[in-house]
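A.B. asks: I have a structure I would like to understand better, so I am pasting it below and will then ask my questions one at a time.
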Amino acid sequence: MQIESIYNKMTNSKREVVELLKDLGIKWSYEHPVFVWGENKRPRVWAPDFYLIPFGIYLEVCGSANFDYDYRRKIFDNNGFRVIFLHLYTEPYKWTYHLIRYLQLFTNSRYNKLSEILRKENIIDIWNKEDFCCYNRKFKKEELKDDCKDCKYGKSCKGGCLAVSTSMTGKMHCDPFCLYQIEKQI
Ligand code: SF4
């Protein structure tokens with residue numbers, strides 16, 4: 001029901017992208033917000049059109065042939081976000097090819113990197129490294145921030161979802177979408 005209403009509010013271009021993602025069986029979320037530092041270190045929250053969950057990649061559907069998207073591309077690059085810009089207006093017959101080709105290249109490069117790492121080191125040794133996932137393993141309650149600081153679940157919860165926390169606040173261990181906090185306010 002909710003997906004249906006989001007879909008109805010989308011532009012035709014975005015719906016075309018949704019149809020392709022459906023055909024490819026790729027799970028996505030819509031306008032997932034990300035925290036970025038703009039020029040002059042100005043903090044911003046932007047919402048690229050689609051987040052491709054299995055790839056960790058964002059899509060921007062460029063809605064106008066005349067708009068200059070270079071600035072957005074530069075800011076995303078500077079902040080380490082991988083974003084594909086789809087130009088449905090200027091490349092009506094090519095954008096699907098570009099997207100599929102990019103995802104293929106990305107998948108191959110991820111696979112190659114992983115194979116290279118595993119050729120050098122055994123997965124069990126990697127897992128047992130002292131610094132592996134150190135943000136979790138070496139976590140201390142004092143690292144909790146904002147509303148999580150005094151939370152009774154802080155030690156085990158570690159401040160909720162790290163991805164949401166960093167993308168929404170720029171800080172780790174203070175997930176602002178915590179259900180426990182929302183419940184307390186009701
Ligand atoms: S995310 Fe919620 S439950 Fe977890 S530590 Fe923060 S306030 Fe507590």
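The values are calculated or read from the model by the stated rules, or taken from the named source; none is laboratory data. Just so it is clear, the model here is predicted, and its values are computed rather than measured. Because the Cβ atoms are built from the backbone with ideal geometry, glycine has one as well, and the counts that use them run over all protein chains shown.
A.B. asks: So which of Ser64, Ser13, Ser29 is touching a residue at least 60 places away in the same chain (Cβ under 8 Å) and of a type in the set (S, T, N, Q)?
C.D. replies: Ser13
A.B. asks: Can you tell me which residue within the range 152-161, out of those that are out of contact with any Leu (no Cβ under 7 Å at 6 or more places or on another chain) and in a loop (DSSP other than H, G, I, E, B), is nearest to Asn79 (Cα to Cα)?
C.D. replies: Ranking the candidates gives Cys161 first.
For (1) crowded, with 16+ Cβ neighbours inside 10 Å; (2) among the aromatic types (Phe, Trp, Tyr), each residue gets a yes or a no:
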{"position": "Ile84", "(1), (2)": "yes, no"}
{"position": "Tyr89", "(1), (2)": "no, yes"}
{"position": "Thr96", "(1), (2)": "yes, no"}
{"position": "Arg101", "(1), (2)": "no, no"}
{"position": "Leu105", "(1), (2)": "no, no"}
{"position": "Ser115", "(1), (2)": "no, no"}
{"position": "Ile124", "(1), (2)": "no, no"}
{"position": "Phe132", "(1), (2)": "no, yes"}
{"position": "Lys149", "(1), (2)": "no, no"}
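A.B. asks: Testing Val164 on (1) assigned to a helix (DSSP H, G or I); (2) more than 12 Å from the ligand (Cβ to nearest atom); (3) not assigned by TED's automatic domain parsing to the domain that holds Lys41, one condition comes back false. Which one is that?
C.D. replies: Among (1) assigned to a helix (DSSP H, G or I); (2) more than 12 Å from the ligand (Cβ to nearest atom); (3) not assigned by TED's automatic domain parsing to the domain that holds Lys41, the lone unmet condition for Val164 is (2).
A.B. asks: Among the residues of the range 167-186, what is the count of those that are within 9 Å of the ligand (Cβ to nearest atom) and touching a residue at least 12 places away in the same chain (Cβ under 8 Å)?
C.D. replies: 8
A.B. asks: Of the residues that sit in the range 60-82 and are of a type in the set (D, E, K, R) and surrounded by fewer than 13 Cβ atoms within 10 Å (Cβ to Cβ), which one is farthest from Gly170 (Cα to Cα)?
C.D. replies: Asp68
A.B. asks: So how many residues does the range 149-161 have that are near the ligand (Cβ under 7 Å from one of its atoms), hydrophobic (A, V, I, L, M, F, W, C) and under 11 Å from Phe177 (Cα atoms)?
C.D. replies: Within the range 149-161, residues that are near the ligand (Cβ under 7 Å from one of its atoms), hydrophobic (A, V, I, L, M, F, W, C) and under 11 Å from Phe177 (Cα atoms) number 0.
A.B. asks: Mind checking which pairs have a first residue in the range 130-143 that is part of a loop (DSSP other than H, G, I, E, B) and a second that is surrounded by 10 or more Cβ atoms within 10 Å (Cβ to Cβ), Cβ under 7 Å, 6 or more apart or different chains?
C.D. replies: Matching pairs, first to second residue: Phe132/Ile126; Phe139/Lys158.
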